[in-house]
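The values are calculated or read from the model by the stated rules, or taken from the named source; none is laboratory data. In this text, all values refer to a predicted model and were calculated from it rather than measured experimentally. A quick note on method: Cβ atoms are made from the backbone with ideal geometry, for glycine too, and the neighbour counts reach across all protein chains shown. When the accessible area is computed, the model is the full protein with side chains, heavy atoms only, and any ligands, DNA or RNA have been set aside. Shrake-Rupley method; radii C 1.70, N 1.55, O 1.52, S 1.80 Å.
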Amino acid sequence: MSTHPAALFGIDDLLTDEEREIRQAVRRLCDREVRPHVAEWFEQGQIPARDLARQLGELGVLGMHLDGYGCAGLGAVSYGLACLELEAADSGLRSLVSVQGSLAMYAIWAYGSEEQKREWLPAMAAGERIGCFGLTEPDFGSDPAGMRSRAKRDGNDWVLDGTKMWITNGSVADVAVVWARTDDGIRGFLVPAGTPGFTARDIPHKLSLRASVTSELVLDGVRLPADALLPGATGLAGPMGCLNEARFGIIFGAMGAALDCLETALAYAREREVFARPLASYQLTQEKLADMALELGKGLLLAVHLGRRKEAGTLTPEQVSAGKLNNTREAIQVARTCRTILGASGVTLEYPVMRHANNLESVLTYEGTAEIHTLVVGRALTGIAAFRHG
């Protein structure tokens, strides 16, 4: 009798009945609406984002960790488990939900005015409106403080100019949360789609996150009223607070991709015969499977532990960095090792392993590269910041 990798560590014993039910509900949606089609979406480089957003909204997944304004107000572990199941289907799907809930919605929820919250959050929670988050620029990703996007006062209005790059949901978004430099520091603005001077173009030729909308945002003299400003955020603390929310979801999500790869490799190794024996019966194969199960289990334990800290209000940004660094790094190694077990079959879209591996190349990099999170952990350990020199 075989043991499921998560059962090896007794992960379910750490969860409440409600958390397990939420995980199952998201898994059912993915099994029904995503898994039968996602290989084709990946191959074609497209995803029915609006249809999926509405279904995810009906399930209550969008902004599910926020309170009020149509949001479910569930705990951090419940949200994390939803991210795990979404990314087990495809990283692009988890990215859609993460950007919607933890970046765009969270920015409005945490820093917006009451009017902004009422205007946008209920419709976004329902999946009727989609948001994106414009922080990264073509020349400024890991160093957002150097951003060139500018917002200037003109009477009572703001005029925005700049370019944002690698923006998930960009071309399908109804509103963009755009961060720009002002005379008072970096501020956030709500830019509705269709505003004159604002355009979003999809980025072509991606080899990763193909079942995801990734765009370039261009702001050319975009005029906004005074009430487009997010009043509660000044400086980089605003967008960094949003990014910490998104990074938390990745800690769970990356383990979902790893789990899907490992389950696939286990099933394949049991059925595939090599020299008249199941591939799973060979010692080298079992060593690979055991090593991957250990890293998966440790990553899941870390994710649940950090989720409980988040629920208790004791989670620190350094702990989020440690979780994101560890789990993305181990997840991509699991995907690569699973590919070796599947052999040539592992490079086709008949199996999800290479798709996950390609996606994890992006997940390893976005919301803070592995190098940046390494330096965050290094700063925590030494008390010395190695980000800048001179």
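Which whole-percent values make up P(r) of the chain when all C-alpha to C-alpha distances are grouped in 10 Å steps starting at zero?
Over the chain, the share of Cα pairs per 10 Å bin runs 5, 24, 33, 24, 10, 3, 1, 0 percent.
Which of the chymotrypsin sites (Phe, Trp or Tyr not before Pro) found in region 267-340 are loop residues per DSSP with 13 or fewer other Cβ atoms within 10 Å of their Cβ?
Qualifying residues, ordered by number: F275.
Below 8 Å, C-alpha to C-alpha, sequence gap of six or more: please give me the relative contact order for region 138-269 in percent.
Over region 138-269, the number comes to 25 percent.
Express the relative contact order of region 248-390 as a whole percentage, based on alpha carbon pairs under 8 Å and six or more residues apart in sequence.
For region 248-390, the relative contact order is 30 percent.
Hey, got the dipole for region 180-241? About the Cα centre, +1 on K and R Cβ, -1 on D and E Cβ, debye to the nearest 20?
240
To the nearest 0.05, what FRET efficiency results for R150 and R336 with a Förster distance of 35 Å applied to their C-beta separation?
0.25
Find the centroid of the Cα atoms in region 49-72 and in region 301-326, then give the distance between the two in whole Å.
Cα centroid of region 49-72 versus Cα centroid of region 301-326: 23 Å apart.
Percent relative contact order of the chain, based on C-alpha pairs within less than 8 angstrom and at least six residues apart?
RCO, the chain: 18 percent.
With a 1.4 Å probe and all protein chains kept in place, how do K117, K152 rank by accessible area, largest first?
The residues order as K152, K117, largest area first.
Using a probe of 1.4 angstrom, how much of the accessible area of region 350-390 is carbon and sulfur, in percent?
C and S atoms contribute 60 percent here.
How much accessible surface area, in Å² rounded to 10, belongs to the heavy atoms of H65 with a 1.4 Å probe?
Its heavy atoms expose roughly 30 Å² to the probe.
With the Cα gyration tensor of region 90-200 in hand, convert its eigenvalues to equivalent ellipsoid semi-axes via √(5λ) and list them largest first in whole Å.
Output for region 90-200: semi-axes of 22, 18, 13 Å.
Pairing the Cα long axis of helix 283-312 with the longest principal axis of the chain, what angle in degrees results, from 0 to 90 and rounded to the nearest 10?
Taking Cα atoms only, the helix is inclined about 40 degrees.
Estimate the FRET efficiency between V159 and T199 by the formula 1/(1 + (r/R0)^6), using the beta-carbon distance for r and 22 Å for R0, to the nearest 0.05.
The calculated FRET efficiency here is 0.90.
If one takes the longest principal axis of the Cα atoms in the chain, at what angle in degrees, from 0 to 90 and to the nearest 10, does the Cα axis of helix 237-271 lie?
20
Can you give me the solvent accessible area of H37 with a 1.4 Å probe, rounded to the nearest 10 Å²?
Surface accessible to solvent at H37 totals approximately 80 Å².
Looking at S95, L59, A76, which one has the Cα that reaches farthest to the positive end of the dipole of region 44-160 (charges on Cβ: Lys, Arg +1; Asp, Glu -1)?
So the residue we want is S95.
With each run of n ≥ 4 DSSP H residues scored as -39500 (n - 2.57), what mean residue ellipticity at 222 nm is computed for the chain after dividing by its residue count and rounding to the nearest 500 deg cm²/dmol?
-16000 deg cm²/dmol
What accessible surface, in Å², does a 1.4 Å probe find on W41, ignoring ligands, DNA and RNA and rounding to the nearest 10?
That residue has around 30 Å² of solvent-accessible surface.
Tell me whether region 33-158 comes out rounded, prolate or oblate; compute the Cα gyration tensor, take square roots of the eigenvalues as a ≥ b ≥ c, and use a/c under 1.5 as the rounded threshold.
oblate
Using a Förster distance of 25 Å, how high is the FRET efficiency between E318 and L236, based on the Cβ-Cβ distance and rounded to 0.05?
In this case the efficiency is close to 0.95.
Using the heavy atoms of the protein chains alone and a 1.4 angstrom probe, what is the accessible area of region 100-149 per residue in square angstrom?
I get 36 Å² per residue for this part.
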